[in-house]
Structure formats: structure tokens, C-alpha cells
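One structure is given below, encoded as C-alpha cells.
The values are calculated or read from the model by the stated rules, or taken from the named source; none is laboratory data. The structure displayed is predicted, hence computed values, not measured ones. All Cβ positions, even for glycine, are placed from backbone atoms using ideal geometry, and neighbour counts span all protein chains on display.
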Amino acid sequence: MIPTKRGFRRYTGLLEVHATIARALGSVCRRASLLVALGLHPASAQRADSLELRSLAPKGPVVAGRSFEIKMTLEVRLQASDSARVQLFSNSLEPHRFVEIAHAKVVRGVQTVTLTARAVPVDWGSEGHWSLFVAMIPSPSPNTRASPLTRLNVPIDIVVR
């Protein structure tokens, strides 16, 4: 089929539109590369506040009903607030109620925090599972209750004897 003048103009117009889009995308890609180089890319914004488990002791399962010492090192990244508390929680008293067993204060930026606490794992049976988790909660202004900025479950299994 031989293109008509009208079809040729439409085809040429589409080529110009594609060229304009390609130039715009090139500009966007250059800007994105610059943002990545400066550490301001969207991926860093998505990870603004984070907790990353670096080490954990004990490494193996713990025995239900026996007190043990837990020691964990976390890398903390705080950007959404000037200061916060990193808190370790356990449900050793009731299956669906967690209480703080250790905490550390942190400030804006990236830092390493070590939390140490004693815990007693409980076999809750059909009522629930014993577990630990860490939450980073912004330092609230007086008379306010803050929601966690981020949270991390601590992987410790229990053995029932």
C-alpha cells in the first residue's frame, strides 16, 4: 500500500511527537541520574525511616518458661522526625498485649543501636504466639500519642519442653 500525502503527514507528525517525548525522557533520565548521585532518589525517600537487624543473640530457639537475655544490634535510619525511641516489645504477660522491655533514643540520621533485655518466652497454645518486635516511635510532643514510624519482627523460635 502506498501512503497518501495525508497519511505521510500523520506519520511525520507522529515521528515529531516521538522525538519530543524521547528528548523529554532523556531530560528526565539525566535528572534522575543526578538525584541518584546526590542520594535524593525516590528509593531513598521510600526508605526514609527504617530498622535493619544487624546481629541477634541467641541465634537458635529459646525454651518456653526460661528467662534468657536477648541482644540485638540494629541499623536505624531516621528522617521523618528529629528524634525517636527504638523500642523492643514482648508479649510475655498476655498473648495479645505487648509491653516494652528495652529502648534506646535516636536522632535524625543513620546510627547503630544495641538493645539488651531479659525475656521469658511463653507457649500461649491456641491463644496466640509468643513474639518480639522492635518499633521506632517519634518522640511525641506533650499529651500526644505517636504511631510507629516503622516496625520489625524479631525472628526467635521457642521450644516447649
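Just to verify a result, which residue in the stretch 110-152, among those that are in a strand (DSSP E or B) and among the polar types (S, T, N, Q), is farthest from Leu51 (Cα to Cα)? Break it down stepwise before answering.
Filtering the stretch 110-152 for residues in a strand (DSSP E or B) gives 110-119, 132-138, 150-152.
Next, only the ones that are among the polar types (S, T, N, Q) stay: 111-112, 114, 116, 150.
Numbers: Gln111: 10, Thr112: 10, Thr114: 12, Thr116: 16, Thr150: 7 Å.
Going through the qualifying residues, I end up with Thr116.
Looking at (1) farther than 20 Å from Pro58 by Cα; (2) of a type in the set (A, V, I, L, M); (3) over 25 Å from the mean Cα position of the chain (by Cα), which is the one condition that is false for Ile137?
Failing condition for Ile137: (3).
Pairs under 6 Å by beta carbon, first residue within 13 Å of Ile70 (Cα to Cα) in the stretch 94-119, partner of a type in the set (Asp, Glu), six or more apart or different chains?
Arg118/Glu69
Residue by residue through the stretch 101-149, note down the ones that are aliphatic (A, V, I, L, M) and closer than 17 Å to Gln79 by Cα.
Within the stretch 101-149, the subset aliphatic (A, V, I, L, M) is 101-102, 104, 106-107, 110, 113, 115, 117, 119-120, 122, 132, 134-137, 146, 149.
Those that are aliphatic (A, V, I, L, M) and closer than 17 Å to Gln79 by Cα: Ala104, Val106, Val107, Val110, Val113, Ala135, Met136, Ile137, Ala146, Leu149.
Consider Asn91 carefully, then state whether it is of a type outside the set (D, E, K, R) and more than 17 Å from the chain's Cα centre (by Cα). Show your work before the answer.
Working: of a type outside the set (D, E, K, R): yes; more than 17 Å from the chain's Cα centre (by Cα): yes.
Yes, satisfied.
Taking the criterion of being within 16 Å of the chain's Cα centre (by Cα), modelled with pLDDT of 95 or more and assigned to a strand (DSSP E or B), would at least one residue in the stretch 56-70 satisfy it? First the steps, then the outcome.
At the first step, the residues of the stretch 56-70 found to be within 16 Å of the chain's Cα centre (by Cα) are none.
Within the stretch 56-70, not a single residue is within 16 Å of the chain's Cα centre (by Cα), modelled with pLDDT of 95 or more and assigned to a strand (DSSP E or B).
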